[in-house]
Amino acid sequence: MTKPTVTQNLMRMLDLSPVEATPASFGSDEVSTGVTLTREQPRTFGGQVLAQSIIAADRTVEGKDIHSIHAYFLRPGDIERELFFATQRLNDSRSFSTRRVQVFQDEAPMFSAI
């Protein structure tokens, strides 16, 4: 068995999995989960969460590219706990779409982006 390359690990991390049954507290249109692959520190890396949030939002939009993002880290993420990416469709027009992605751990929001 060969060891995965860095690129293969990155692609695995960015490949979010859809979740069928989600807590009502997420209040979203779609929820997916993601993994944390790096274990060097006890906290989840912010760039990882941001990238995964962009992937979660992008999966709900067709034919448009990301233009801007406003993101806020609300609390530190724990590498041992699962990440839930809750995406809400706020607006779809001809020229742009707006999404809100909130990342939860144990039903508490740790990151929010629009």
12 Å beta-carbon shell around Asp106, net charge (K/R +1, D/E -1)
-2
Accessible-area order (highest first, 1.4 angstrom probe) of the listed residues Thr2, Thr38:
Thr2, Thr38
Over the chain, with every protein chain in place, what whole percent of the accessible area is carbon and sulfur at 1.4 Å, could you tell me?
53
May I ask you to derive the relative contact order of the chain, considering only C-alpha pairs under 8 Å and at least 6 residues apart, and to give it as an integer percent?
27
With a ≥ b ≥ c from the Cα gyration tensor eigenvalues, square-rooted, and the rule rounded for a/c under 1.5, otherwise prolate when a/b > b/c and oblate otherwise, the stretch 72-114 is prolate
Protein chains only, probe 1.4 Å: how do Arg94, Arg99, Arg75 rank by accessible area, largest first?
Arg94, Arg75, Arg99
Per residue, how much accessible surface does the chain expose to a 1.4 Å probe? Answer in Å², no decimals.
67
Looking at the stretch 15-114, which chymotrypsin sites (Phe, Trp or Tyr not before Pro) are DSSP coil and have at most 14 other C-beta atoms within 10 Å of their C-beta?
Phe96
Along principal axes, largest first, the alpha-carbon spread of the stretch 27-66 in whole Å comes out as 37, 23, 13
Mind grabbing the accessible area of Thr5 for me, 1.4 Å probe, Å², rounded to tens?
70
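The values are calculated or read from the model by the stated rules, or taken from the named source; none is laboratory data. This structure is a prediction, so every number in the text was calculated from the model and none was measured. Please note: Cβ atoms are built from the backbone with ideal geometry, for glycine as well, and neighbour counts cover all protein chains shown. The protein model used for the area step is the full one, side chains on, heavy atoms only, and it has no ligands, DNA or RNA in it. Shrake-Rupley method; radii C 1.70, N 1.55, O 1.52, S 1.80 Å.
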